[in-house]
Amino acid sequence: MTKGISRRGMLKRLSAATVLATSGCGRRSGPSNLVHIATTASLNLTMSALLHQQQFLESFDLTPDVVAMADGSKILGGIYSGSIDVSPMSGFGQLFPAVERGADLKIINAATLIPLLAVFSSKPNVRSLKDLEGKVVGVGALGSLVHQLIVTLLRKYSVDVAAVRFVNIGSSADIFKGVMAGTVDAGSGDASFADDPEAHNVHVLQNGNLSVELPQFTYQAGYTSSRVIQAKRDVLVRVLAAYANLFRFVEVPSAQDAFLRARKSVLPNAPDREALGEWNFLQRVKPFARDLTISPERVSYLQQINLDFKIQKEILPFERVVDMSLAQDALKLLT
């Protein structure tokens, strides 16, 4: 498990990358090409570092200001306030109830098409999902992405969710630390750890790999507000084109050294074994939306989960919450 890099450290590293990114001058550099991008932690830190390292945004004459935020609710707040233009790659289940309440938000691209998590335990008597009945499972806040994922998985295998005690023990990193320490009976961790669980003294529960078990659960997408779309459509299209290049780049075996170098820049204390495991996992599952497209079926699937959790009252029409025209325009820039 990666040690010791704090969220404050992550923010500083991304801020440093931003300074470097904005110091160069593109052909059309200027205020009209400045874009404020929000990202979250975990793999997204590596992806943001790789995005900068390979100059994907700058190649479309953009001046990026990339900030790491704690969770999706903070990103929504930034978009509401106008301090953030777009989040091209983050959890987005909270967007639907916000739109239902009148928020002017739009999904504009798919990013990560499958969950990149698995359910682990360090307890020898916890081997299957059914074993979680009567046990303590670490999650983030109730109703959060991690909580929704695990409950959805348990329901798939007819586990009595009411018999499971879910506790909020913090971030994704905190959850996995709790699993390793045995302070909870089970919890989520990076799915890439499933290939080498002994390195962390844990094991994957039977049917516990969410990347395999919930392939329709779109893990991350991009979103912004209609206001930003109207004011900065050309900028957003170029941002999406850059992310499409990023997603395609990570699929290429020859990108291994670049990926590992980017990961090292934001997670300097991570073991090389862990970094290589993550790279191999990404090569095998290829989770990213290289065509940026999210389907109506995937959007309905997530909304149904929100209904099951009673955080949304009805399924909203696809056109009300999604605008794929920017992604379509972005792909034209790559041809």
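Kindly identify the chain as rounded, prolate or oblate by the Cα gyration tensor criterion: order the square roots of the eigenvalues as a ≥ b ≥ c, call it rounded if a/c is under 1.5, otherwise compare a/b with b/c, prolate if a/b is larger, else oblate. Each step should come with its number before you reach the end.
Details: a/c = 1.92, a/b = 1.34, b/c = 1.44.
It comes out oblate by the Cα gyration axes.
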Seminar exercise, completed: Once all protein chains are kept in place, residue 281 shows an accessible area at probe 1.4 Å, nearest 10 Å², of 10
Problem set entry | Under 16 Å from residue 286, Cα to Cα: aspartates and glutamates that are on another chain or at least 8 residues apart | 190, 195, 213, 251, 278
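Per residue, what accessible area does the range 245-335 have, given a 1.4 Å probe and all protein chains present, in Å²?
Using a 1.4 Å probe on heavy atoms only, each residue of the range 245-335 averages 51 Å².
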For this session: Amide H neighbours of residue 117 under 5 Å, at least 5 residues apart or on other chains, H built in the peptide plane: list them.
Result: 191, 210, 211
Exercise. Of 133, 314, which has the most accessible area with a 1.4 Å probe, and how do the rest follow in descending order?
Worked result: 314, 133
Exercise. So in the chain, what percent of DSSP beta bridges are antiparallel if you round to the nearest 5?
Worked result: 50
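For residue 248 and residue 101 in the same chain, what is the full-extension length gain: residue separation times 0.36 nm, less their Cα-Cα distance, in nm? Before the final figure, lay out each step's value.
Details: separation 147, 0.36 × 147 = 52.92 nm, distance 3.57 nm.
Between residue 248 and residue 101, full extension yields an extra 49.3 nm.
Please compute the per residue accessible area over the range 82-162 with all protein chains in place, 1.4 Å probe, rounded to a whole number of Å². Display every interim value, and only then the final one.
Numbers: 2590 Å² over 81 residues.
Ligands and nucleic acids excluded, the figure is 32 Å² per residue.
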Exercise. Leaving out ligands, DNA and RNA, what percent of the accessible area of the chain is carbon and sulfur, probe 1.4 Å?
Worked result: 53
Exercise. Using a 1.4 angstrom probe with every protein chain in place, what is the largest-first accessible-area order of 157, 80?
Worked result: 80, 157
Exercise. In degrees between 0 and 90, to the nearest 10, how far off the longest principal axis of the chain does helix 43-53 point, with axes built from Cα atoms?
Worked result: 30
For this session: Sticking with the crude label model, points 7 Å out along Cα→Cβ, report the distance from residue 158 to residue 314 in nm, one decimal please.
Result: 3.4
Seminar exercise, completed: Dipole check, the range 134-252, charges on Cβ (K,R +1; D,E -1), about Cα centroid: among 241, 204, 218 the Cα furthest to the positive pole belongs to 241
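I need to check one value: relative contact order of the chain, counting alpha carbon pairs closer than 8 Å and at least 6 residues apart, in percent.
Working: 603 pairs, mean separation 84.2, N = 335.
The normalised contact order for the chain reaches 25 percent.
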Exercise. When the dipole is taken about the Cα centre of the range 70-164, and only Lys, Arg (+1) and Asp, Glu (-1) are charged at their Cβ, what size is it in debye, to the nearest 20?
Worked result: 320
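When N is the residue count of the range 160-261, what does its C-alpha Rg come to as a fraction of 2.2 N^0.38 Å? All intermediate terms of the calculation are to be shown ahead of the outcome.
Values: Rg = 18.9 Å, N = 102, 2.2 N^0.38 = 12.8 Å.
For the range 160-261, the normalised Cα radius of gyration is 1.48.
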Problem set entry | Residue (of 34, 145, 172) at the positive-pole extreme of the chain, dipole from beta-carbon charges | 34
For this session: Return one number: the angle in degrees, 0 to 90 and rounded to the nearest 10, between the long axis of the Cα atoms of helix 272-285 and the longest principal axis of the Cα atoms of the chain.
Result: 80
Seminar exercise, completed: Expected max-MSF residue from 171, 254, 211 in the GNM of the chain (alpha carbon, under 10 Å) is 254
Problem set entry | the chain, helix-only ellipticity at 222 nm - DSSP H runs n ≥ 4, -39,500 (n - 2.57), divided by all residues, nearest 500 | -13000 deg cm²/dmol
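Give, rounded to the nearest 20 debye, the magnitude of the charge dipole that the range 148-260 has about its Cα centre when Lys and Arg contribute +1 at Cβ and Asp and Glu contribute -1 at Cβ.
On the way: 9 positive and 11 negative charges, 155 e Å.
So the magnitude is around 740 debye.
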Exercise. What length, rounded to one decimal in nm, is gained on full extension from residue 201 through to residue 291, with 0.36 nm per residue of separation minus their alpha-carbon distance?
Worked result: 28.6 nm
Exercise. Taking the simple approach of a point 7 Å from Cα along Cα-to-Cβ for both residue 212 and residue 73, what is their distance in nm?
Worked result: 3.4
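The values are calculated or read from the model by the stated rules, or taken from the named source; none is laboratory data. Here the structure is a predicted model, which means the values were calculated and not measured. Backbone-built Cβ (ideal geometry, glycine too); neighbour counts: all protein chains shown. Just so you know, the surface numbers come from the protein's heavy atoms only, side chains and all, with ligands and any DNA or RNA stripped out. Shrake-Rupley method; radii C 1.70, N 1.55, O 1.52, S 1.80 Å.
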